[in-house]
Amino acid sequence: MSNVRYVGLDVHKDSIVISVADSGNAEAKVLGMFPNDINKVLKQLKKLSPDLSLLRVCYEAGPTGFGLSRRLKKEGIHCIVVAPSLVPQKSGLRIKTDRKDARKLAHYLRSGDLTEVWVPDEQTEALRDLERTRDDAKNAERRARHQLSKFLLRHDRAYRDGKEWTGKHMTWVRQQKFDDACLQCVMDDYVKAVEDATARVKQLMTHIETFVDGHVLQPLVKGLMSFRGIQILSATVIAAEIGDLRRFKTARQFMAFLGLVPSESSSGNSVKRGSLTKTGNGHVRRILIEAAQHYRHRPVLSAALRKRQEGISKEVRDISWKAQQRLCSRLTHFTNSGKPRNKAIVALARELAGFIWSLGQVSQVLV
């Protein structure tokens with residue numbers, strides 16, 4: 001192991017700064033800045049060691065993605081992608097450059113102080129991009145609707161006959177006419193923007209349903225759908241964002257990854273816990289909080305839930321039923337204790353994460 005060399009890469013769109021630290025206590029050295037070209041990077045790495053298995057390489061997760069990591073692994077080079085927010089920082093330093101960042105990565109890789117992030121396979125990452133695109137489309141639809149509704153409100157056109165954005169409401173919106181041609185032009189543009197955004201969301205939802213069928217994550221998606229409050233979209237988000245749940249050794253570790261555990265600042269005999277950490281994967285955290293709302297009802301196997309549980313193993317169905325009983329009971333306890341509803345729902349989401357972790361440990365999800 002004395003011949004192992006630790007390499008830190010500071011990766012940008014057009015350039016990569018390479019730094020190397022040898023085994024021992026010697027300071028990490030910068031090799032230089034090179035174009036962001038995988039072949040040129042490989043050429044430099046091969047100069048460091050004829051035996052590529054003796055190289056340990058890392059770079060921070062960022063907008064350049066995981067392609068570099070996958071390619072290096074194919075070449076037999078051990079490469080990890082690290083969490084930028086968990087890289088140790090020295091509070092006294094006020095100078096930050098690409099060269100310093102690369103040296104820092106090589107140094108902390110050698111000392112073992114970096115936290116590795118999960119790198120999904122290409123098929124899983126593609127599904128994750130699809131469900132995130134649908135989330136972006138939903139946000140765009142929400143913004144378009146907000147702009148249209150505020151435009152109408154500014155001109156004394158308020159809808160008071162029921163819930164907004166239903167078929168009845170959209171019929172009312174289309175019936176609104178303005179004498180001023182300029183205002184009518186604005187109105188038509190806003191309506192079209194809302195209709196286009198809604199159509200985009202529906203189309204992406206159809207794509208999700210299509211691509212989940214036959215995907216490597218399909219068994220996990222079906223298993224997640226056996227839980228109350230989790231249908232195909234929520235299940236796809238959880239599966240694509242998390243992947244193999246067995247990479248979390250305990251349920252508590254999974255809860256912490258989702259940012260659903262309270263922050264803590266304790267010292268000596270003083271124990272002080274604060275609000276949620278909200279670290280880790282915010283997409284799954286939001287989905288679980290939404291799903292937890294469904295457990296305010298008494299435990300029951302509805303016709304829709306029974307249909308979703310068809311073909312699911314008894315062990316998974318038992319976990320789902322236990323979750324219903326436990327979470328409904330907990331919410332009743334929280335309510336009777338006077339706990340604020342929002343805090344109670346988040347507490348339920350944390351426990352729901354534990355049941356989902358248990359599902360991930362089951363060897364046979366489908367029968």
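Brief remarks on what is shown
- No other residue among SER329, SER358, SER363 is in a loop (DSSP other than H, G, I, E, B) and either within 19 Å of ASP244 (Cα to Cα) or over 26 Å from the mean Cα position of the chain (by Cα) (or both) apart from SER363.
- Per the listing ILE345, ILE289, ILE356, the residue uniquely in the same structural domain as GLY229 (by TED's automatic domain parsing), at pLDDT 95 or above, within 14 Å of LEU224 (Cα to Cα) and surrounded by 13 or more Cβ atoms within 10 Å (Cβ to Cβ) is ILE356.
- Check on ASP129, part of a helix (DSSP H, G or I), of a type in the set (Asp, Glu), outside the structural domain of ALA239 (by TED's automatic domain parsing) and surrounded by fewer than 18 Cβ atoms within 10 Å (Cβ to Cβ): yes
- Taken as a whole, region 259-269 holds at least one residue that is within 16 Å of the chain's Cα centre (by Cα) and of a type in the set (A, V, I, L, M, F, W, C).
- Region 7-52 - residue that is under 13 Å from ALA102 (Cβ atoms) and acidic (Asp, Glu) and, of those, modelled with the highest pLDDT: ASP10
- Residue that is in a helix (DSSP H, G or I) and touching a helix residue (DSSP H, G or I) at 6+ places or on another chain (Cβ under 9 Å), where the choices are VAL7, VAL41, VAL81, VAL17: VAL41
- Close Cβ contacts (under 7 Å, 6 or more residues apart or on different chains) running from residues in region 186-201 that are farther than 15 Å from HIS169 by Cα to residues that are modelled with pLDDT of 95 or more and among the small types (Gly, Ala, Ser) comprise ALA193/ALA144; ALA197/ALA137; ALA197/ALA140; ALA197/ALA144; ARG200/ALA137; VAL201/ALA137.
- Considered as a group, the residues in region 263-283 that are more than 21 Å from SER358 (Cα to Cα) and in contact with a Lys or Arg (Cβ under 9 Å, 6 or more places away or on another chain) include one that is surrounded by the most Cβ atoms within 10 Å (Cβ to Cβ), and that residue is LEU276.
- Looking only at region 246-275, residues that are in contact with a helix residue (DSSP H, G or I) (Cβ under 7 Å, 6 or more places away or on another chain), of a type outside the set (Phe, Trp, Tyr) and touching a residue at least 60 places away in the same chain (Cβ under 8 Å) come to 6 in all.
- Selected residue (only one of VAL119, VAL173 is in a helix (DSSP H, G or I) and without any contact (Cβ under 8 Å) to a residue 60 or more places away in the chain): VAL173
- The requirement of being at pLDDT 95 or above, of a type in the set (Asp, Glu) and over 30 Å from VAL57 (Cα atoms) is not satisfied by ASP161.
The values are calculated or read from the model by the stated rules, or taken from the named source; none is laboratory data. Quick caveat, the model's predicted, so the values are computed rather than measured. All Cβ positions, glycine included, derive from the backbone under ideal geometry; neighbour counts span all protein chains shown.
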